[in-house]
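Step one of this worksheet: look at the structure below.
The values are calculated or read from the model by the stated rules, or taken from the named source; none is laboratory data. Given the structure is predicted, the values throughout are model-derived calculations rather than measurements. FYI the Cβ positions are ideal-geometry reconstructions off the backbone, even for glycines, and counts take in every protein chain you see. Heavy atoms of the whole protein, side chains included, go into the accessibility calculation; ligands, DNA and RNA do not. Shrake-Rupley method; radii C 1.70, N 1.55, O 1.52, S 1.80 Å.
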Amino acid sequence: QVQLVESGGALVQPGESLALSCEASGDIVRVELMSWYRQPTGGQRTFVAAVFPDGRTNYADTIKGRFTIFRDDAKNTMSLQMNNLEPEDTAIYFCNAYIRRANSSTIRMYWGQGTQVTVSS
């Protein structure tokens, strides 16, 4: 069994910062690509940022320069530091990871349940 659990969502004002975390747990051998996605109310889920096992990162244009993604493979965690938040960043933020489990030859994709970020004055 593998679980992804997000935390850190909150209500903040425009221009403020917030950090999200995602922890993977279970019978994990290796966590491959880790990503954040977001989905506003009534909208589609879209890509935010990704970090590869070798540390390479990729960001959506809409948040480039404001958000930074990190990972800690010793703890199987991933973080998203969000600065200068805008009302348009309001959404549920989801953790996504490709994970190799013990006693398995395949890599599967997993999603967390999401954490709400609301940016409003």
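Some notes on this structure:
- At the residue level, Asp27 shows approximately 50 square angstrom of accessible surface with a 1.4 angstrom probe and all protein chains present.
- Just checking the listed ones, Met34, Met109, Met82: in the Gaussian network model of the chain with Cα springs under 10 Å, the one fluctuating most is Met109.
- Estimated dipole of the chain in Debye, rounded to 20 [Cβ of Lys and Arg +1, of Asp and Glu -1, Cα centre]: 360
- Fluctuation leader among Ala19, Ala50, Ala97 - the chain, Gaussian network, Cα springs under 10 angstrom: Ala19
- Paramagnetic reach from Tyr98 (point 7 Å along Cα→Cβ, amide N under 16 Å) across the range 11-34: 29-34
- Value of relative contact order over the range 34-101, rounded to a whole percent, pairs C-alpha under 8 Å and six or more apart: 38
- Projecting the Cα positions of Ser104, Gln81, Tyr37 onto the charge dipole of the chain (unit charges on Cβ atoms of Lys, Arg, Asp and Glu, taken about the Cα centre) puts Ser104 furthest along the positive direction.
- The value of relative contact order for the chain, using C-alpha pairs under 8 Å at least six residues apart, is 36 percent.
- Considering only Leu4, Gly114, Thr90, the residue lying farthest towards the positive end of the dipole of the chain is Leu4, judged by Cα position with unit charges set on Cβ.
- Fully extended contour minus Cα-Cα distance, from Asp27 to Thr57, at 0.36 nm per residue: 8.2 nm
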